[in-house]
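Trainee: One structure, as C-alpha cells, below. Some questions next.
The values are calculated or read from the model by the stated rules, or taken from the named source; none is laboratory data. Treat the numbers as computed from the prediction; the structure is a model and nothing was measured. Every residue, glycine among them, receives a Cβ derived from its backbone with ideal geometry; neighbour counts consider all protein chains shown. Side chains included, ligands, DNA and RNA excluded: accessible areas come from the protein's heavy atoms. Shrake-Rupley method; radii C 1.70, N 1.55, O 1.52, S 1.80 Å.
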Amino acid sequence: MHTVRFTISRVADNQWHAIENDLVVGRGHATRRLDGRTFLSIDTWRDAVFHRLAAAMVADQPHDQVQYTVVDETDRDLLTNWVLAGFATWRREAEFAVPTGPSRATVPSGVVITTADEAPLRELDRAIRGEVDAAVGWHTMPAEVLPWQGGTRPIDPSKYTVAVRDGRYVGLVRVATMTRRPRIGLVAVLAAEQRHGVGRALLDHVLDGLHSWGFEAATAEVDETNTAALALFEGLGARRTGTTLELVRRPGKAV
C-alpha cells in the first residue's frame, strides 16, 4: 500500500506549512509579543502533522529561547499534543464575562476618574511595572505589555481611563473595543492606593460607559493566583466562562 507523506516547509518568517499532495494540511506560527516572549501556535486536525510541525518550529527557534503557547483547558487533545512537544503548564487564567451597567461604586475621596494624557500615563506604567516586577512578576499579568514600554512612539490615550489623586495618576484601566465584545485588558493601581476602592471605581466607570454605548458585557482574563483581582471581578457580578492554560517549553527540553 502506498504511504502518503507530508513535508514541513518554512514559508515565511515564523510561518510553517505542512504540505501533502500539494495541499496545506497544517500551519504553524511563532509570534514574538511586545514583552519579548515567543508564542507558538499550530492549526491542524492530525496528530502526526502537529508533532512534525512542533519539532520543526522548536528547532528553528534560538536554542536558549523559552517558548510559550496558550490552550483552552477543555481542549484535552491539543493540550496533550503540546505536552508531548515538551511544554508544561505555567499558569492558569480564568476568563470572565463582565456585565456592564450604571456605575455602582463610590469614587474614593480625593480621587478623580478621567481620560488619560500620554506623559503621566507613561510615568504610571513605569511605576506599576516596577512594583509588579518586584512582587509577583509581570508574567502574572493577563494583559499585553503596554506598547510604548522601552520606546518613544505615540500612543492613543483614549484607550485608557485613569484615577488621579493630587494631580498624580495612581491607577489605570485599558479597554479594547475593536472586538465582538469589549476586552478589559489591564487594571492596575499603585500599591499605596490599593484596597481603597480605586480599582473598583475605575472598572465601574468604564463599564458604565460601555453600557451607554450599547454593550451588555465585556470580557476579562485573570491569573488564578491573583485572588484580589478575582474577588474584584466576582464582586462586579462577572460570570466565569472558561479557563486558559499558558504552557512553557524551556531550553534543553527534547521534542
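Trainee: Looking at residue 195, is it touching a Phe, Trp or Tyr at 6+ places or on another chain (Cβ under 8 Å) and part of a loop (DSSP other than H, G, I, E, B)?
Mentor: In short, no.
Trainee: Another question, then. Regarding residue 194, is this residue modelled with pLDDT of 90 or more, open to solvent by 70 Å² or more (accessible area, probe 1.4 Å) and polar (S, T, N, Q)?
Mentor: Considered against the rule, which asks whether it is modelled with pLDDT of 90 or more, open to solvent by 70 Å² or more (accessible area, probe 1.4 Å) and polar (S, T, N, Q), residue 194 comes out as yes.
Trainee: If we keep just the residues of the range 226-255 that are surrounded by 16 or more Cβ atoms within 10 Å (Cβ to Cβ) and in a helix (DSSP H, G or I), which is modelled with the lowest pLDDT?
Mentor: 229
Trainee: Please count how many residues of the range 21-40 are over 16 Å from residue 90 (Cβ atoms) and open to solvent by 30 Å² or more (accessible area, probe 1.4 Å).
Mentor: 9
Trainee: I need the full set of residues from the range 28-51 which are under 19 Å from residue 6 (Cα atoms) and of a type in the set (A, V, I, L, M), in order please.
Mentor: Matches in the range 28-51: 42, 48, 49.
Trainee: In the range 91-127, which residues are under 19 Å from residue 232 (Cβ atoms) and either under 24 Å from the mean Cα position of the chain (by Cα) or charged (D, E, K, R) (or both)?
Mentor: Matches in the range 91-127: 91, 92, 93, 94, 95, 96, 97, 98, 99, 100, 104, 124.
Trainee: Sticking with this structure for a sec: For the range 44-55, give me each residue that is hydrophobic (A, V, I, L, M, F, W, C) and open to solvent by 30 Å² or more (accessible area, probe 1.4 Å).
Mentor: Within the range 44-55, 45, 48, 55 qualify.
Trainee: Regarding the range 136-148, can at least one residue be identified that is among the aliphatic types (A, V, I, L, M), modelled with pLDDT under 75 and exposed (fewer than 15 other Cβ atoms within 10 Å of the Cβ)?
Mentor: yes
Trainee: Right, next: Is it true that some residue in the range 210-225 is assigned to a strand (DSSP E or B) and either surrounded by fewer than 17 Cβ atoms within 10 Å (Cβ to Cβ) or assigned by the TED database to the domain that holds residue 69 (or both)?
Mentor: no
Trainee: A further question on this structure: Which of the residues spanning the range 68-90 are buried (at least 17 other Cβ atoms within 10 Å of the Cβ) and within 15 Å of the chain's Cα centre (by Cα)?
Mentor: 68, 69, 71
Trainee: Let me ask another. Of everything in the range 160-191, what is in contact (Cβ under 8 Å) with a residue 24 or more places away in the chain and at positive phi? Give them in sequence order.
Mentor: Hit for the range 160-191 is 166, nothing else.
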